[in-house]
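Everything below concerns the one structure shown next.
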Amino acid sequence: MDFEDNIRNWLMDEECLIEKKFDENADFHYIIEFPKENIMDVVKPVGKDCIIIACATQVAQEHVNLMVASSPDVRKNFILDLQFGLNSYLVDFELSINQDLLQQFVVTDTIYEDGLSKNELMKTIKRVFKAKLHCIFLIDKSFGSISVKNPSSNENDMFI
């Protein structure tokens, strides 16, 4: 079995594989659901000896509106808390920030081929998801909760 077969089989074993996507920048790109109703990506970039686990999330407009209504100090402290918190998960991240307003965030982690096992794959998927949860919890704590109309939407699908 090769590298991709192992990953596909492990994802199927854990019942989180949804589909394989065509991606000209990847040797393979899988869309997974972990846990239920959370979409993530497992990508092997062309010419690299690693896979990237990624989760991109668009901040709900209702939360952006709550951020707009908050003070500049609250927004700046939120961004700092978010960065410190994400660093503690030992993941990589990109924050799309416009005028101290978080618009979107992408959490990623990398597993190199020589360290890949089913255990490491699943631990990394969980770590990326928990880092995403940290972002959501901190948004709620800092600006207040909103009711989500369609929690099963796939707006956090990321295309590398």
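We did not get these values from a lab; they are worked out from the coordinates using the rules stated. It should be emphasised that the depicted structure is a prediction, and the values quoted were computed from it without experimental measurement. Note that each Cβ is placed from the backbone with ideal geometry, even for glycine, and that neighbours are counted across all protein chains shown.
Here are the numbers for this structure:
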{"quantity": "Residues (within 27 Å of residue 137 (Cα to Cα) and of a type in the set (S, T, N, Q)) located in the range 23-61", "calculated": "38, 57, 58, 61"}
{"quantity": "Test: residue in the range 66-73 that is touching a residue at least 40 places away in the same chain (Cβ under 8 Å), touching a Cys at 6+ places or on another chain (Cβ under 9 Å) and at negative phi", "calculated": "no"}
{"quantity": "Scan of the range 6-32 for residues that are exposed (fewer than 15 other Cβ atoms within 10 Å of the Cβ) and under 18 Å from residue 124 (Cα atoms), ordered by number", "calculated": "6, 9, 12, 13, 14, 15"}
{"quantity": "Tally of residues being in contact (Cβ under 8 Å) with a residue 40 or more places away in the chain and either closer than 20 Å to residue 112 by Cα or hydroxyl-bearing (Ser, Thr, Tyr) (or both) across the range 12-41", "calculated": "8"}
{"quantity": "Out of 83, 61, 104, sole residue that is surrounded by fewer than 14 Cβ atoms within 10 Å (Cβ to Cβ), within 20 Å of the chain's Cα centre (by Cα) and either basic (Lys, Arg) or within 18 Å of residue 144 (Cα to Cα) (or both)", "calculated": "61"}
